[in-house]
Each structure stands twice: as C-alpha cells, then as structure tokens.
Amino acid sequence: MNTKVTVIGGGLAGLTAAALLARGGRRVTLYEKSELGGRARTQNESGALFNQGPHALYRAGRAIAVLRELGIEPDGAVPPASGGLAWHGGRLHALPAGPVSLLTTALFTLPEKLEYAALLTRIGALQPAGTVTEWLARDVKHETVRQAIRAFIRVSTYANHDALPAGLALDQLRLALKANVLYLHGGWQRLVDAARAKAIEAGVHLVEHHKHTRLDGETVLAVTPDAARELVPQLRTEHLTPVRAACLDLALDGLPRPRHGFALGIDQPLYFSVHSRVADLGPHPVIQVAKYLAPHERGQDALPQLEALTDAMQPGWRGRVVARRFLPEMTVVHSLPGHRATIDAAPGVHLCGDWVGEEGMLLDCALASAAEAARRILAVPARAAAA
C-alpha cells in the first residue's frame, strides 16, 4: 500500500487534514504557495493584532471539536451577550438581545416588541421553508422586526444573501445562542501556529512558498475553488455562492466611549465590535467594523458607512488612530450551504475548505470537511482488507 498523501494548501483546513492523516500513519507532504494560515493569519500593526476582518469561533460548533481532537484548546474569551447597541435610522438604540433590553429599547413600538418576543420564544423550534427573505415576508408582520431578525442572522452567518435557506440560517443562529463564541487571545494566528505545531509533531513535511501543480496519488486540495479547478479541470464551481464583507480594522490610543463596545446595523448590514474588550490583541484597543456585502456589491463604496457607524459609537476616533486597515472585499467563505462542492473531486482527489461538504458554516465547514477527507483516505486500507 502506498502511504504517501499530498496536501495542497496550508490554511487551517489543510493543516488539519495533514495532521489527521499523519496521525493515521500516512506520509504527508503539505505544500503552501505563500505563508501558512491563509485567511486565518493575524497581522501586527504597530503592536495591534488585526485578524483579517472580524473572526469568531463558535463554542458549540464542529471546528472546536476537531481542534480538540488534535489536542488544540483555543484560548479566548466570550463576548457579553447583553449591552449591545442597534444602529437604525442613523441613531443608536439598545439592542434587543434579552427581556430587559427588549422592554427598554426604543427600536421597536409596542406591537413590534410583542411580535419580536413571540418569535424569540419559538426560535428553537422554527424550521421555515424557503429562503430567509421568503420566510420573513411570509411570516413576520412588522418591517423593523424583519430587519432585526435579519441582523442577527447576518452576524451569525456573516452572509447578506437573499438565497440563504431559512432553516440553515436559523440553525446557525441557534448555534450562536446555544453557547456564544470565542474571541481569541493573540488573534487567529494562535490557531495557525498551534495547527502547524501539531502537523509537525505528527510527522508532516511542510513546504512553504511553493506552488505545487501535480496530483501525486492520494491528494487533498485545501485551496480556493479557482485553484482547485486549475488542478482538476472537470471540477464544476459555477454554482458556488461566495460570501464577502468590507472590513475596517482600527487600533486607537484609547476609546472615547469605553462602554460602547458592540453594535449591529438593523436597516443597514453593518457590524461594530471592540474585540480587544474581550480578547488580548495588544496594547491598544482594537475595533473591527464590517459591512456584509450583497452579491455583486462594491465593497469600496462601503467605507463611508463603516466610518459613520464608528463616528456614532466612538466619536472623535479619527484623532486617536494608531493603526488602520481597510479590506474592501474580503472573502468570508467561498460558498453558502446548499451550493457547495462534494468532498470527492476525482479518483484519489479530495477537497476540503469552507466551500466543501454540507456540514456547518464558516470554520466549522472547513474543518468538518478536512476531517472527513482524512477519514475517507484512512478508511481505504480497511475497505481493501475487508474485500
């Protein structure tokens, strides 16, 4: 039996698949065309640690389970579930995230509060048909309530797509409500470094800054859809539905309003969070602001909206900037659920990443598909022996 496996792509999915395969007895070589980590890399800007847009790890998701299987315990803290603000009509209101904030917020009228409260009591059992847009238009009466539900779905899925299935969107929202998320100390680079260490410990041979273009026997492709199609021309990717965001990352020498740490856009698809209130990201307050982009929307045009929300949350911030970075069209994931590629791309070629398989969303999808690709390869000898 040939025990050699090639992994192409050194993001978290590729590192995970490589480590699991090596632990299973395979001789694994991983090739990465640039630096390990992909979009999980963290950049140091004047001492401030910037993830590539706002990142959160779901505490009840599949990714954290796979990481723990590798012996990696993510080090982070849970952001508060209360005390957030809602940005609506150019004004800030209490974000209705619980009974007290729902009673006190000026975001809703009394009839809207009653409808919203009724929805919250049923959220655990809802399995509506159709897309999010179709469900809300069909079953939710008040426009502001529809907007608020959309806002919570956006923050849990990172997606601003009319095509998002309502049932899958609510599954992701329930995952967030069940156990919240972690903001990671030291940024997501800590996960990359830990996964790299586990891969080396298992015996993986890592080759960075090398674009590997051959399919050598058993292969795992942990790359983008375009890169996978270069290697497997018959692979069909036109059905994929990418998710993008415009991201403004800021480090300030202090917060003008220290208590204003989180806001969600209600009538605009916006997000604001002072991640450093929860996670250790260096000596300066680190703010991450984002707009969830609709398909074909230009991210460059989002900057005025991101700055306007920051003006409302932290007035005077412009004179306190230590570091700043704008990512106008960050790819969050390469496909929504329901539109993804299957794990087996061709004989002996297996895919993994945030656009592969139907389990989970975001990093949960990437690591679930990595674990499944490794499982399928490692299962081959058992099937051959049984035959």
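Could you go through region 189-196 and let me know if any residue there is touching a helix residue (DSSP H, G or I) at 6+ places or on another chain (Cβ under 7 Å) and basic (Lys, Arg). Yes: one or more hits.
Yes/no per residue for (1) assigned to a helix (DSSP H, G or I); (2) surrounded by 14 or more Cβ atoms within 10 Å (Cβ to Cβ); (3) among the hydrophobic types (A, V, I, L, M, F, W, C):
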{"residue": "ALA118", "(1), (2), (3)": "yes, no, yes"}
{"residue": "GLN127", "(1), (2), (3)": "no, no, no"}
{"residue": "VAL145", "(1), (2), (3)": "yes, yes, yes"}
{"residue": "ASN160", "(1), (2), (3)": "no, yes, no"}
{"residue": "ALA169", "(1), (2), (3)": "yes, yes, yes"}
{"residue": "GLN172", "(1), (2), (3)": "yes, yes, no"}
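Of the listed requirements (1) at pLDDT below 95; (2) under 26 Å from VAL286 (Cα atoms), ARG214 misses just one: (2). Scanning region 312-330 for residues that are closer than 19 Å to GLY38 by Cβ and surrounded by fewer than 17 Cβ atoms within 10 Å (Cβ to Cβ) returns ARG325, GLU329. The set of residues from region 181-223 being β-branched (Val, Ile, Thr) and in a loop (DSSP other than H, G, I, E, B) comprises VAL204, THR213, VAL223.
Does LEU120 satisfy being of a type in the set (A, V, I, L, M), at pLDDT below 95 and farther than 27 Å from ALA194 by Cβ? So LEU120 passes the test.
Each residue in region 281-311 was checked for being within 22 Å of PRO79 (Cβ to Cβ) and buried (at least 17 other Cβ atoms within 10 Å of the Cβ), and 14 of them qualify.
So in region 298-345, with the set limited to residues that are charged (D, E, K, R) and free of Cβ contacts under 8 Å to residues at least 60 places away in the same chain, which one is farthest from VAL274 (Cα to Cα)?
Step one: filter region 298-345 for residues charged (D, E, K, R), giving 298, 301, 307, 311, 318, 320, 324-325, 329, 340, 344.
The next check asks that each one be free of Cβ contacts under 8 Å to residues at least 60 places away in the same chain; those that pass are 298, 301, 307, 311, 318, 344.
Values: ARG298: 25, ASP301: 23, GLU307: 14, ASP311: 14, ARG318: 15, ASP344: 40 Å.
Taking the candidates together, the pick is ASP344.
Where in region 1-110 are there helices (runs of 4 or more DSSP H), lying wholly inside it, with at least 1 residues that are aliphatic (A, V, I, L, M), closer than 30 Å to ALA194 by Cβ and free of Cβ contacts under 8 Å to residues at least 40 places away in the same chain? I'd like the intermediate steps shown before the answer.
On the way: elements: 12-23, 62-69, 99-104.
Per the criteria, 62-69.
Whenever a residue of region 111-123 is under 13 Å from ARG146 (Cα atoms), its partners that are of a type in the set (Gly, Ala, Ser) and in a helix (DSSP H, G or I), lying with C-beta atoms within less than 8 angstrom and at least six residues away or across chains, give the pairs TYR116/ALA148.
None of ARG91, ARG62 is outside the structural domain of GLU372 (by TED's automatic domain parsing), crowded, with 20+ Cβ neighbours inside 10 Å and among the basic types (Lys, Arg) except ARG62. Against the test of being among the hydrophobic types (A, V, I, L, M, F, W, C), modelled with pLDDT under 95 and more than 30 Å from ILE200 (Cβ to Cβ), the options ALA125, ALA86 yield a single qualifying residue, ALA125.
Say whether the condition of being more than 20 Å from the chain's Cα centre (by Cα), assigned to a strand (DSSP E or B) and either in the same structural domain as ARG298 (by TED's automatic domain parsing) or at pLDDT 95 or above (or both) is met by at least one residue in region 241-256. Full working, then the answer.
Filtering region 241-256 for residues more than 20 Å from the chain's Cα centre (by Cα) gives 251-256.
Remaining after also requiring assigned to a strand (DSSP E or B): 251-252.
From the residues that got through so far, the ones that are either in the same structural domain as ARG298 (by TED's automatic domain parsing) or at pLDDT 95 or above (or both) too are 251-252.
Yes, the conditions are met somewhere in region 241-256.
Of the strands (runs of 3 or more DSSP E) contained entirely in region 298-371, those carrying at least 2 residues that are over 19 Å from LEU164 (Cβ atoms) and assigned by TED's automatic domain parsing to the domain that holds ILE8 fall at 344-346, 349-351.
The values are calculated or read from the model by the stated rules, or taken from the named source; none is laboratory data. From a predicted model like this one, the values you see are computed outputs, not experimental measurements. Heads up, the Cβs are rebuilt from the backbone with ideal geometry, glycines too, and the neighbour counts pull from every protein chain shown.
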